[in-house]
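Asker: Here it is, the structure, as structure tokens.
What follows draws every value from the coordinates through simple rules; no lab data is involved. This is a predicted model, so every value here is computed, not measured. With ideal geometry, Cβ positions are generated from the backbone for all residues, glycine too; neighbour counts draw on all protein chains shown.
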Amino acid sequence: MTVVSLSDAKWSCSSCGDCCKGFSFGPVEEHVVSGLMAAKIEDIWHPSRQGWVEKSVDGEWFFKQVSGHCVFLREDNLCAIHDLLGESAKPWFCREYPFHLVREPRGVAVRVREDCGGYYKSFSSGHTVQDSAQALLSLPRIVPVQSILDRTIIIGPGLGVSAENWVEVEPLLLQRVKDAPDIHRAVNSIRSAIDQMTGRDSKISTPFRQIYLEILTGVKARIESQSNLPNRFRTAREDMLLFLSRASREPEGRYTPEAHDFWSVVLRGRILGKRFAAFGGLPSGIGLSLFEFHLLSGKSSPMTLEGLGPSLSQWRRALMAPPFWEVLKSYQNQFSALYFCA
Ligand code: SF4
């Protein structure tokens, strides 16, 4: 199987433990749960004595959270299951993390997820994604690798292309992002390239700030109203509200060169991983990235790599919780508008 990845994408584990905090930890495979029961995990990992697994309303297993982290996370940020019973005793999602795989016409595209807390430390110095990728393909999974093979890729209003056509234009768009001095101009450059190909002029004149504030205030109000969520989403909800409350109402988008380089790799990874396909299409998916770029940016001084990395990771871990992802998805039209006015 051919692995497609960014040539300059790198990653190494920094043992920060963030992958085991803030998420909901499941669904866990049945055989992993029964393996831990057979091993009497609560006898060899005492923090799990008060319970370590629970069933969702859909009947899926989730590991319990303790103070916002997985019950199996040790104080030294290592995994108790891994240490006591070996890597193969862990759920598949723990073993695959922080990589994201998507099946596409050239093979399997692999990117690093930006919710990894240590990605910003190793994105330019770690092991290449290609080196890590082959082992990922043979991991046992209960959720099949996401596929875009039969999907229509939405690239504009009423405009979709096949996956085969998409991968022909993707390298050009990735190069445009790589060459751009900031993400705002990268998005502008992507839109211009697609407009040239399709003979359209998709730019709209609505002020960027107006749409940005509409999303910011609307999403915050929706999440504030979600007060009866299951306990496993409590930390994520607090984090979402923290970011939305302290976001500047004047989107600045100022970053140091190192922080810009990180954003560039993140955005190109999202394009390569077709993340926008799960968010209504290219305009809304790229618009979400643009929103985040401003939400997390510095105002009075440029945002540094050391400031951006942990913030982006924390924000994305919270955002990936299904209740909040659904709220953001309900603003797809506004995110698309950000893309069209960039
Ligand atoms: S099982 Fe281990 S690797 Fe997986 S979330 Fe829990 S502590 Fe982290």
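Asker: Do any of LYS121/LYS178; LYS21/LYS299; LYS40/LYS64 go past 21 Å between their Cα atoms, and which? Can you show the working numbers first?
Answerer: Values: LYS121/LYS178 19 Å; LYS21/LYS299 28 Å; LYS40/LYS64 16 Å.
Pairs exceeding the cut-off: LYS21/LYS299.
Asker: Ranking GLU104, GLU250 by Cβ neighbours within 10 Å, fewest first, what do you get? Working shown, then result.
Answerer: On the way: GLU104 25, GLU250 10.
Fewest-to-most Cβ neighbours within 10 Å comes out as GLU250, GLU104.
Asker: Further question on the same structure: Taking R0 as 56 Å, what FRET efficiency do you get between MET1 and LYS299 from their Cβ-Cβ distance, rounded to the nearest 0.05?
Answerer: Working: r = 45 Å, r/R0 = 0.81.
Plugging the Cβ-Cβ distance into 1/(1 + (r/R0)^6) gives 0.80.
Asker: Report, please, the projected area of the chain averaged over directions, based on the convex hull of its C-alpha atoms, in nm².
Answerer: Values: hull surface 68.4 nm².
Averaging across all directions leaves 17.1 nm² for the Cα convex hull.
Asker: To continue, here is another question. Could you tell me whether the range 30-90 comes out rounded, prolate or oblate from its Cα gyration tensor? Rule is a ≥ b ≥ c as square roots of the eigenvalues, rounded for a/c under 1.5, then prolate if a/b exceeds b/c, otherwise oblate.
Answerer: Values: a/c = 1.62, a/b = 1.19, b/c = 1.36.
Here the range 30-90 falls in the oblate category.
Asker: With axes computed from alpha carbons, what is the tilt in degrees of helix 163-179 against the longest principal axis of the chain, rounded to the nearest 10 within 0 to 90?
Answerer: Once rounded, one gets 80 degrees.
Asker: Kindly state, to the nearest 0.05, the FRET efficiency for SER248 paired with LEU159, given R0 = 35 Å and r defined as their beta-carbon distance. Write down the numbers at each step before the final one.
Answerer: Details: r = 33 Å, r/R0 = 0.95.
Rounded to the nearest 0.05, the efficiency is 0.60.
Asker: Starting with the fewest neighbours, write out VAL66, VAL129 ranked by other beta-carbon atoms found within 10 Å of each beta-carbon.
Answerer: On the way: VAL66 15, VAL129 23.
Fewest-to-most Cβ neighbours within 10 Å comes out as VAL66, VAL129.
Asker: Given only helices, namely DSSP H runs of n ≥ 4 each adding -39500 (n - 2.57), what is the per-residue ellipticity at 222 nm of the chain, to the nearest 500 deg cm²/dmol? Walk me through the intermediate numbers first.
Answerer: Working: 15 runs with 163 residues, N = 342.
Calculated at 222 nm, the ellipticity per residue is -14500 deg cm²/dmol.
Asker: Name the cysteines of the chain that stand alone by the Cβ rule: no other cysteine Cβ under 4.7 angstrom.
Answerer: For the chain, the answer is CYS13, CYS16, CYS19, CYS79, CYS94, CYS116, CYS341, because their Cβ atoms have no other cysteine Cβ under 4.7 Å.
Asker: Still on this structure: Which angle between 0 and 90 degrees, to the nearest 10, do you get for helix 234-246 versus the longest principal axis of the chain when only C-alpha atoms count?
Answerer: Tilt relative to the chain: about 30 degrees.
Asker: Right, another one. So what is the orientation-averaged projected area of the range 208-341, using the convex hull of its C-alpha atoms, in nm²?
Answerer: Working: hull surface 30.3 nm².
Over every viewing direction, the Cα hull of the range 208-341 projects on average to 7.6 nm².
Asker: Need the full-extension length gain, ILE204 to GLU75, defined as separation in residues times 0.36 nm minus the C-alpha distance. One decimal, nm. It would help to have the intermediate numbers written out before the result.
Answerer: On the way: separation 129, 0.36 × 129 = 46.44 nm, distance 5.10 nm.
Gain on stretching ILE204 to GLU75: 41.3 nm.
Asker: Continuing with the same structure: Just subtract the alpha-carbon distance of LYS55 and GLU168 from 0.36 nm times their residue separation and send over the number in nm, one decimal.
Answerer: Numbers: separation 113, 0.36 × 113 = 40.68 nm, distance 4.36 nm.
Difference between extended and current length: 36.3 nm.
Asker: Each residue of the range 268-284 in order: what ³J(HN,Hα) in whole Hz does its phi give by Karplus 6.51 cos²θ - 1.76 cosθ + 1.60, θ = phi - 60°, with x for Gly and Pro?
Answerer: Per-residue couplings from phi come out as 5, x, 5, 5, 4, x, 6, 4, 5, 4, 8, 10, x, x, 4, x, 6 Hz.
Asker: Mind listing the phi-derived Karplus ³J(HN,Hα) values for the range 298-307, rounded to whole Hz, using 6.51, -1.76 and 1.60 with θ = phi - 60°, and x for any glycine or proline?
Answerer: x, 9, 7, 9, x, 6, 8, 4, 5, x
Asker: In sequence order, what are the phi-derived ³J(HN,Hα) couplings for the range 194-210 according to the Karplus relation 6.51 cos²θ - 1.76 cosθ + 1.60 with θ = phi - 60°, rounded to whole Hz, with x for glycine and proline?
Answerer: Computed from phi, the couplings for the range 194-210 are 5, 4, 4, 5, 9, x, 10, 10, 9, 5, 10, 9, 4, x, 3, 4, 4 Hz.
Asker: In nm, give the distance between the simple-model label positions of LYS329 and VAL66, each being 7 Å from the Cα along the Cα-to-Cβ direction.
Answerer: Calculated label separation equals 3.3 nm.
Asker: Then there is this: Label-point separation (nm) for SER227 and LYS40, each offset 7 Å from Cα along Cα-to-Cβ?
Answerer: According to this spin-label approximation, the distance is 4.6 nm.
Asker: Using a Debye calculation, one point per C-alpha and no hydration shell, please list log10 I(q)/I(0) for the range 6-128 at q = 0.10, 0.22 Å⁻¹ in order.
Answerer: Debye output, listed in q order: -0.35, -1.31.
Asker: Convex hull over the Cα atoms of the range 264-342, averaged projected area in nm²?
Answerer: Details: hull surface 21.6 nm².
Averaged projected hull area, Cα only: 5.4 nm².
Asker: I would also like to ask the following. Quote the charge dipole size of the range 30-90 about the Cα centre in Debye, to the nearest 20; the model charges only the Cβ of Lys and Arg (+1) and of Asp and Glu (-1). Write out the running numbers ahead of the final one.
Answerer: Working: 6 positive and 10 negative charges, 24 e Å.
Value, rounded to 20: 120 debye.
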